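Please read the structure below before turning to the comments.
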Amino acid sequence: MASPCVICSEPCGRKLSKSFPDVNTTSRNDYCRALGVDPVIFAHIKTRRYLCFKHFDNDDCEEVDGKTVLSRGAYPKELTEREKNFLICNPPVARLRKPGSRL
């Protein structure tokens, strides 16, 4: 079963996504900086979540053994204003629950 992307809530399987860095790590702060948002936006995420590949530049993706993978050290691209508004205006529970699950 696919988990929802932390940015757009679209289902993203592990094969076409990158795990979002753990809480209280330099990597998470670096991801937030690259996305153009304050780390507080993602402070509620304490468990493993994923970021779909559409939030990375196409140049960061490559084919290896018939699979799409991200280049080592790839960071997500900066969010659009629409994506930032989605994150700010939608409560985390609505954004991160699996489609079809109940609150």
| Selected residue [surrounded by 15 or more Cβ atoms within 10 Å (Cβ to Cβ) and either out of contact with any strand residue (DSSP E or B) (no Cβ under 9 Å at 6 or more places or on another chain) or modelled with pLDDT under 85 (or both)] from 20, 42 | 42
| field | residue 15 being at pLDDT below 85, in contact with a strand residue (DSSP E or B) (Cβ under 8 Å, 6 or more places away or on another chain) and among the charged types (D, E, K, R) | value | yes
| query | Looking at segment 12-44, which of its residues are within 18 Å of residue 90 (Cβ to Cβ), in contact (Cβ under 8 Å) with a residue 24 or more places away in the chain and under 11 Å from the mean Cα position of the chain (by Cα)? | reply | 12, 20, 35, 42
| Can you find even one residue in segment 17-37 that is of a type in the set (Gly, Ala, Ser) and under 16 Å from residue 3 (Cα atoms)? | yes
| query | Do you know which of the residues in segment 50-103 that are modelled with pLDDT of 85 or more, surrounded by 12 or more Cβ atoms within 10 Å (Cβ to Cβ) and of a type in the set (Lys, Arg) is farthest from the chain's Cα centre (by Cα)? | reply | 84
| What is the one condition in (1) loosely packed, with under 13 Cβ neighbours inside 10 Å; (2) modelled with pLDDT of 85 or more; (3) among the β-branched types (Val, Ile, Thr) that residue 47 does not satisfy? | (2)
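The values are calculated or read from the model by the stated rules, or taken from the named source; none is laboratory data. No experiment lies behind these values; they were computed from the predicted model shown. Neighbour counts are summed over all protein chains in view; Cβ atoms, including those assigned to glycine, are modelled from backbone coordinates with ideal geometry.
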